[in-house]
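Okay, structure first, notes after.
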Amino acid sequence: EHFFFRLSAFRDKLLAWMKGQTHWRPNVLNFTMRYVEEGLKDRAITRDIGWGVPVPLDGFEGKRLYVWFEAVIGYLSATKEWAKSSGDEGKWRSFWQGNEAKSYYFIGKDNIIFHTVIWPAMLMGYDSLNLPYDVPANEFLTIEGKKLSTSRHWAVWLPDYLSRYDPDPLRYLLSISMPETGDTDFSWREFVRRNNDELVATYGNLVHRVLTFVYRSFDGCVPMPGELDDYSWGIIDDAKEALITMDMLLSQCHFREALR
């Protein structure tokens, strides 16, 4: 005998809510919509095991909440613990109640359903708590064509990496090749190529040329601009527009497009 979460009761509510999430990544939204439309089954939330969160009801002392159910509650409970430790126990409400706070869940594609179906349904069941604003789930990132595995020691170990290189080249590569809509692969050859061809040859060369020109021509000080012609104003307008576009793309979690 186990406790079940009546997930099937939330099908229509979830579909109505998802139709408004047009800002989600297409792969996340389409996958979730198909999953819900095919029908939802009630899911057991307890197990007869000796470890885990105990069910706080008399007569069920030997049962534990199953990990898939209690894990996502950690988002809420962690916020409550933070509020408690900060000396204002009601502070968590500013994140979970009202419409001002937006929650983003950065996950891998194998955890999409837990964050776009199960967790929202749990929040709907409780009522009056904010639903996820965005779930920018990534597809898989492989390394040299193989699945990343820490147990098999097939990964990029950050302490080892940082002992050899600066963090920014890796940040750039992971962002520009982020598996936002499909699986991508990390290779050291591509790491070196993008660093040399894009960061050094393109961006670094631009910075070097501008600073060298200012140093040689204006005694190392940026001069006050004179009267600008239409061409100069056009460059300034293009730069402003690029910043606005980049800011919009970043806020929408389109990191690859923002960098480009």
Just one of Glu139, Glu144 is surrounded by fewer than 16 Cβ atoms within 10 Å (Cβ to Cβ) and either under 13 Å from the mean Cα position of the chain (by Cα) or over 24 Å from Ala9 (Cα atoms) (or both); which is it?
Glu144
Could you please give the count of residues in segment 69-100 that are surrounded by 16 or more Cβ atoms within 10 Å (Cβ to Cβ) and not basic (Lys, Arg)?
9
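Yes/no matrix, rows are residues, columns are (1) within 29 Å of Ile176 (Cβ to Cβ); (2) part of a loop (DSSP other than H, G, I, E, B); (3) without any contact (Cβ under 8 Å) to a residue 60 or more places away in the chain:
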position: Met224; (1), (2), (3): no, yes, yes
position: Ser232; (1), (2), (3): no, no, yes
position: Ile236; (1), (2), (3): yes, no, yes
position: Met246; (1), (2), (3): yes, no, yes
Could you give me the residue pairs with C-beta distances under 9 Å whose first residue belongs to segment 194-207 and is exposed (fewer than 13 other Cβ atoms within 10 Å of the Cβ), whose second residue is at pLDDT 95 or above and not in a helix (DSSP H, G or I) wherever it lies, and which are 6+ apart or on separate chains?
none
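Which of the residues that make up segment 101-130 are part of a loop (DSSP other than H, G, I, E, B) and either surrounded by 14 or more Cβ atoms within 10 Å (Cβ to Cβ) or hydroxyl-bearing (Ser, Thr, Tyr) (or both)?
Quick first cut of segment 101-130, residues part of a loop (DSSP other than H, G, I, E, B) only: 101-103, 105-107, 127-130.
Matches in segment 101-130: Ser103, Tyr105, Ile107, Ser128, Leu129, Asn130.
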If a residue has to be more than 19 Å from the chain's Cα centre (by Cα), part of a loop (DSSP other than H, G, I, E, B) and surrounded by 10 or more Cβ atoms within 10 Å (Cβ to Cβ) to count, how many in segment 163-184 make the cut?
2
Applying the selection to segment 136-162, what residues are part of a strand (DSSP E or B) and without any contact (Cβ under 8 Å) to a residue 12 or more places away in the chain?
Lys146, Lys147, Ser149, Trp154
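Specify which of the listed residues (Gly98, Gly62) is in contact (Cβ under 8 Å) with a residue 24 or more places away in the chain, more than 27 Å from Glu139 (Cα to Cα) and either part of a helix (DSSP H, G or I) or of a type outside the set (A, V, I, L, M, F, W, C) (or both). Walk me through how you get there before you give the answer.
Numbers: Gly62 fails: in contact (Cβ under 8 Å) with a residue 24 or more places away in the chain.
Exactly one of Gly98, Gly62 is in contact (Cβ under 8 Å) with a residue 24 or more places away in the chain, more than 27 Å from Glu139 (Cα to Cα) and either part of a helix (DSSP H, G or I) or of a type outside the set (A, V, I, L, M, F, W, C) (or both), namely Gly98.
In segment 47-88, which residues are of a type in the set (S, T, N, Q) and within 25 Å of His115 (Cα to Cα)? Explain how you work it out, then say what you get.
Our first condition is that a residue be of a type in the set (S, T, N, Q); within segment 47-88, this holds for 77, 79, 85-86.
Once the filter is applied, which keeps residues that are of a type in the set (S, T, N, Q) and within 25 Å of His115 (Cα to Cα), segment 47-88 yields Ser77, Thr79.
Any idea how many residues of segment 221-234 are hydrophobic (A, V, I, L, M, F, W, C) and surrounded by 10 or more Cβ atoms within 10 Å (Cβ to Cβ)?
Filtering segment 221-234 down to residues hydrophobic (A, V, I, L, M, F, W, C) leaves 221-222, 224, 228, 233.
Then drop every residue that is not surrounded by 10 or more Cβ atoms within 10 Å (Cβ to Cβ), which leaves 228, 233.
Number satisfying all stated conditions: 2.
The values are calculated or read from the model by the stated rules, or taken from the named source; none is laboratory data. Remember, predicted model here, so these are calculated numbers, not experimental data. Don't worry about glycine lacking a Cβ; one is built from the backbone with ideal geometry, like all the others, and counts go over all protein chains shown.
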